[in-house]
1. Cβ-Cβ below 8 Å, separation at least six or inter-chain, first residue in segment 117-141 and free of Cβ contacts under 8 Å to residues at least 12 places away in the same chain, second loosely packed, with under 14 Cβ neighbours inside 10 Å and small (Gly, Ala, Ser): which pairs?
2. I'd like the full set of residues that are in contact with a Gly (Cβ under 8 Å, 6 or more places away or on another chain) and surrounded by fewer than 18 Cβ atoms within 10 Å (Cβ to Cβ), limited to segment 129-170.
3. Quick check on segment 236-280: of everything there that is crowded, with 20+ Cβ neighbours inside 10 Å and free of Cβ contacts under 8 Å to residues at least 40 places away in the same chain, which residue is nearest to THR211 (Cα to Cα)?
4. Which one of the conditions (1) modelled with pLDDT under 95; (2) crowded, with 23+ Cβ neighbours inside 10 Å; (3) acidic (Asp, Glu) does ASP179 fail to meet, given that it meets all the rest?
5. When the residues of segment 188-218 are filtered to those that are over 17 Å from GLY285 (Cβ atoms) and hydrophobic (A, V, I, L, M, F, W, C), which remaining residue is surrounded by the fewest Cβ atoms within 10 Å (Cβ to Cβ)?
6. Looking only at segment 268-286, which residues are within 12 Å of the chain's Cα centre (by Cα) and farther than 17 Å from TRP218 by Cα?
7. Being at pLDDT 95 or above, out of contact with any Lys or Arg (no Cβ under 8 Å at 6 or more places or on another chain) and not small (Gly, Ala, Ser): is that true of LEU113 here?
8. What number goes with the only condition from (1) of a type outside the set (Val, Ile, Thr); (2) under 18 Å from ARG264 (Cα atoms); (3) assigned by TED's automatic domain parsing to the domain that holds ARG107 that GLY196 does not pass?
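The values are calculated or read from the model by the stated rules, or taken from the named source; none is laboratory data. In this text, all values refer to a predicted model and were calculated from it rather than measured experimentally. All Cβ positions, glycine included, derive from the backbone under ideal geometry; neighbour counts span all protein chains shown.
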Amino acid sequence: MIRGIVAARRVAVALVAAALLPAGAVWAAPEPPAPAAAELVPGVYQSGPVDTPDQVLAPQVYQPSMAEDALEPSDAPEGAYALVEYVPLEDAVGRVACSAQAGPYQREVEGWLKLTVDGEQSAADCEAIRAFQTQHGIKPAIGFAGPVTWAHMQFLAARENPNAAGKCPVRTGRVACVDLDRQLTWVQQGEKVLFGPVPMRSGRAGYPTRTGSHKIYWRHKNHVSTLYNTPMPYAQFFSGGQAFHAVYDTIHTTVGSMGCVNLRLGDARELWNVLRAGDEVYVWGRRPGA
């Protein structure tokens, strides 16, 4: 009886609404509300905040030029790390002068080279740093303790056994390890390293790369960020809007990313071929300065 009354009322409401329409108008039921974000891309979301709309909008496609897509990382240090770290001055005879300025990684570089760790640049410090830069092809070799020099030292220390401290979990499946302390990433399966270690750039102060265990849940080779309108080649998302992806400029800066793990183009391309959706990503530590 109650169901009959409810049905009759619905019919009456519909008839009244139709009577109020202008002649010739076609009545249509109101549009249903838009589904929640998580319903738009089923099975994609993780617990926790989603900080960009990239996963709820149709992805924009960025097609890199042939020149961009042809870039490959060089085995030579100058190809991998070349960056003007400090504008050099010239001495009276036109030679590049040794830097008198302390770099942002002065203490770290002094410690690596077993110099007196005081954060102050001395003539002896500059010559020692310059000798290291010359040996490893870092240009210009002016003895400035900048991000490229420190990144290469971190790489050298980690390349034989990046997980020596055991901070990345050893699994039977693939694990992408993201070491924020050393700004390095690699992929391991069991105790075998499948990729890397390679230098990276993680989130800056206020936009930290989220630590803990995540999963690769969406991959888009020629992605463009809908939040920052920035190309994100070889993007592999693992936590909300945070992803591994390449950048077309240098990753060796004292300022971090907006939360993503930035890689050189060749490294990001190689990582794309190593990882698959569902692989674990484990992030720990803290970016220096973040």
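1. VAL117/GLY111
2. Of everything in segment 129-170, those that are in contact with a Gly (Cβ under 8 Å, 6 or more places away or on another chain) and surrounded by fewer than 18 Cβ atoms within 10 Å (Cβ to Cβ) turn out to be LYS167, VAL170.
3. Per the criteria, the residue is ALA243.
4. The number of the failed condition is (1).
5. So the residue we want is LEU194.
6. VAL283
7. yes
8. (3)
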